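S.K.: My questions all concern the structure below.
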Amino acid sequence: MNDRSQDIESNRTIVKLLLVKDKTYYVKSSRRKKCEKRDLGDKFIAPDGGWGWLVATASGVSLLVTVAITQQFGLIFRDYMITLGITSSQLTTIINVQIAASSFSGLGRGLTLSASSLAVNTYFKKKRCTATAYQFGVSGIGPICLPYLTTYLLECYGVKGTVLLFAGFALNSIPCSLVYQPVKWHIKRTFVNTELKETIERATLVLSRARNNCFRSCPSLPMISYKNSANGADKLAVESDLQSLKNSKSNYKKAFTTSLPHITKGKTIAQTVGKLKEKRDEKKPWHSVYYRKIIAFFDLDLLRDFSYVNLAVGLTLIKFVEVNFTILTPFILADFGFANSEIAIAMSSLGISDLIIRFLIPVITAKMNYNNKTFVIGGVLGMCLGRAILSFTHNFYVMLTIFLWFGLNRAFRLVFWCLIIPAHVPLKRLPAASGLQLLMTGLFSFAFGPLIGLIRDNTSYAVTLNCLNALCLLAILLWMLEDVVRRFKLKKKSKLKSVMDTLQ
């Protein structure tokens with residue numbers, strides 16, 4: 001009976017070894033996937049609600065307090081810049097150097113904008129448009145109230161005191177960032193159950209393969225029942241089965257050895273491929289290896305995607321125009337002869353119109369089948385039309401109507417502008433895609449920002465506004481050309497396919 005116990009224990013050890021090997025490979029694979037923080041997996045299901053609404057709210061508040069001083073830059077520093085004798089070219093250089101620094105390294109505002117956008121896009125998939133509208137709806141409260149607050153603070157505390165208060169106001173982004181919890185803490189149960197189900201199915205498959213391969217190779221292998229083996233009536237039967245088991249022991253081990261490579265095939269292939277890659281990298285120069293690592297780390301392969309590059313270039317041009325126009329608005333209106341109180345009313349009216357439309361966008365676009373780029377183009381064209389009219393008017397009520405129109409179109413431009421890149425790339429590549437787009441914005445602002453000031457110094461703000469419109473029209477033209485080329489290629493491909501089908 002000691003021999004029988006040893007054989008049984010040997011067989012159990014073999015099966016346990018098989019399970020341990022496969023389980024170890026699965027656990028290592030799972031840990032490897034978890035280490036890739038950017039990749040939540042193909043089977044990730046966004047919460048689309050729950051804690052995500054708090055994330056959208058906190059993101060909106062964070063944007064409100066962080067971008068506040070940028071939105072009120074003109075009101076705060078207009079008279080102060082005149083006192084210092086700073087020209088328009090120097091002013092635009094200051095503005096765009098700040099934008100470039102923020103885009104290059106994430107100083108302050110750049111880091112907040114990127115984190116807020118990624119957080120909302122991670123928590124929402126189906127309701128992403130609604131969440132983004134809600135996010136920017138909360139941040140849209142700033143342009144309504146802040147112009148009056150800025151005017152009051154300037155009268156009470158001056159420029160330096162107002163800037164200090166806005167700095168303290170911006171510190172509220174720190175508690176807002178604490179709401180950005182990892183999305184895995186709030187995922188739906190189905191995501192967890194899917195992994196558990198796969199683990200169980202894999203373990204069951206391993207046991208089934210091991211048993212089938214062993215008994216297929218050893219047809220003489222007996223099936224032993226251990227329930228009644230202690231009874232005297234079954235003693236002779238058990239001893240007979242034990243003798244047969246001893247004779248087939250070598251065949252059993254051979255069958256297991258044969259089945260093991262098939263079961264651990266995936267692991268063997270992965271190890272082989274990894275070793276081949278290491279050998280291949282060793283043969284290449286060190287600078288080539290590091291070059292490839294840099295490309296992989298920053299996901300520079302996105303630059304091979306012409307559609308992404310075209311989208312990023314267009315968004316860079318549009319953002320450059322909108323940021324410069326927003327900051328220069330008080331200077332433009334003051335140059336047209338409007339008082340500070342009238343400028344504050346106009347900017348507040350823009351904020352009210354913008355805020356209302358942001359919250360209504362999910363309702364307005366619910367039954368529209370247009371893509372995000374189409375809505376952005378519509379908003380940008382509306383802004384261009386308003387700037388063109390503004391360059392020829394000096395009437396307060398006409399100007400007020402134009403700014404209400406600006407708010408309507410700005411809401412569509414801003415909400416859907418933030419959805420273009422997330423809709424084009426998968427979630428795991430979104431940080432890299434957003435980072436590259438920010439880099440383009442920084443480079444363009446740094447290179448062409450002073451040019452806007454030079455145009456103003458040599459012409460007028462009316463000409464400057466129409467130059468800004470020209471950049472927006474250039475971005476729209478690039479997008480439309482790509483759509484035309486893509487449709488032409490698809491049409492040509494369909495015709496070729498129909499001809500091939502006819503010949504067959």
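S.K.: Taking 2.2 N^0.38 Å as the expected size of a compact globular protein, what ratio does the Cα radius of gyration of region 93-138 give against it, to two decimals?
M.R.: Values: Rg = 13.3 Å, N = 46, 2.2 N^0.38 = 9.4 Å.
Normalised Cα radius of gyration, region 93-138: 1.41.
S.K.: Which whole-number percentage describes the relative contact order of region 385-504, with Cα contacts under 8 Å and a sequence gap of 6 or more?
M.R.: Working: 31 pairs, mean separation 38.2, N = 120.
Here the relative contact order equals 32 percent.
S.K.: I want to check the label-to-label distance for Ile45 and Leu404. Put each point 7 Å from Cα in the C-beta direction and report it in nm to one decimal.
M.R.: Once both label points are built, they end up 4.6 nm from each other.
S.K.: Sort 472-482, 129-139 by the packing proxy (mean of other Cβ within 10 Å over each peptide's residues), most packed first. Show your work: numbers first, answer last.
M.R.: Working: 472-482: 16.2, 129-139: 24.1.
Peptide ranking by packing, descending: 129-139, 472-482.
S.K.: Then there is this: Thinking of region 420-462 as a set of Cα atoms, what percent of all their pairs are more than 16 Å apart? Numbers along the way, then the final one.
M.R.: Values: 493 of 903 pairs.
Across region 420-462, Cα pairs with separations above 16 Å total 55 percent.
S.K.: Right, another one. Take the alpha-carbon centre of region 108-165, take the same for region 410-455, and report the distance between them in whole Å.
M.R.: Their Cα centres are 17 Å away from one another.
S.K.: Right, another one. Which whole-Hz ³J(HN,Hα) couplings does region 468-484 yield from phi under the Karplus relation 6.51 cos²θ - 1.76 cosθ + 1.60, θ = phi - 60°, glycine and proline marked x?
M.R.: With coefficients 6.51, -1.76 and 1.60, one gets 4, 4, 4, 5, 5, 5, 5, 4, 5, 4, 4, 5, 5, 5, 4, 5, 5 Hz.
S.K.: Quick check: net charge around Asn340, other residues with Cβ under 14 Å of its Cβ, Lys/Arg +1 and Asp/Glu -1?
M.R.: Numbers: positive: Arg78; negative: Asp79, Glu155, Asp335, Glu342.
Neighbour charge sum, excluding Asn340 itself: -3.
S.K.: So what's Rg/Rh here for region 352-470, counting alpha carbon atoms and using the Kirkwood radius for Rh? The partial results should precede the final answer.
M.R.: Numbers: Rg = 16.9 Å, Rh = 16.4 Å.
That ratio equals 1.03.
S.K.: What shape does region 94-193 have by the C-alpha gyration tensor, where a ≥ b ≥ c are the square roots of the eigenvalues, rounded means a/c under 1.5, and otherwise prolate means a/b greater than b/c and oblate the rest? Don't skip to the end; give the middle numbers.
M.R.: Working: a/c = 2.53, a/b = 2.01, b/c = 1.26.
Verdict is prolate for region 94-193.
S.K.: Right, next: Once the convex hull of the alpha carbons of region 339-395 is built, what does its volume come to per residue, in cubic angstrom?
M.R.: Details: hull volume 5.2 nm³, N = 57.
Roughly 90 Å³ of hull volume per residue.
S.K.: Shape call for region 377-421 from the C-alpha gyration tensor, a ≥ b ≥ c root eigenvalues: rounded (a/c under 1.5), prolate (a/b greater than b/c) or oblate? Walk me through the numbers on the way to the answer.
M.R.: Numbers: a/c = 4.47, a/b = 2.42, b/c = 1.85.
Taking the square roots of the gyration eigenvalues as a ≥ b ≥ c, region 377-421 is prolate.
S.K.: To continue, here is another question. Asn466 to Tyr370: extension gain in nm, 0.36 nm per residue of separation minus the Cα-Cα distance? Intermediate values should be presented prior to the final figure.
M.R.: On the way: separation 96, 0.36 × 96 = 34.56 nm, distance 2.80 nm.
Taking 0.36 nm per residue and subtracting the Cα distance, the gain is 31.8 nm.
S.K.: Using the Cα gyration tensor of region 53-140, with a ≥ b ≥ c the square roots of its eigenvalues, what is the shape: rounded (a/c below 1.5), prolate (a/b larger than b/c) or oblate (neither)?
M.R.: Taking the square roots of the gyration eigenvalues as a ≥ b ≥ c, region 53-140 is prolate.
S.K.: Suppose the chain between Glu342 and Leu481 were pulled fully straight at 0.36 nm per residue; how much longer would it get relative to their current alpha carbon spacing?
M.R.: Working: separation 139, 0.36 × 139 = 50.04 nm, distance 4.13 nm.
Stretched fully, the Glu342-Leu481 segment lengthens by 45.9 nm.
Every read-out reported here was derived from the displayed coordinates using simple, explicitly stated rules and does not represent laboratory data. Keep in mind that this is a model prediction, so the values were computed, not measured. Glycine gets a Cβ as well: all are built from the backbone with ideal geometry, and neighbour counts include every protein chain shown.
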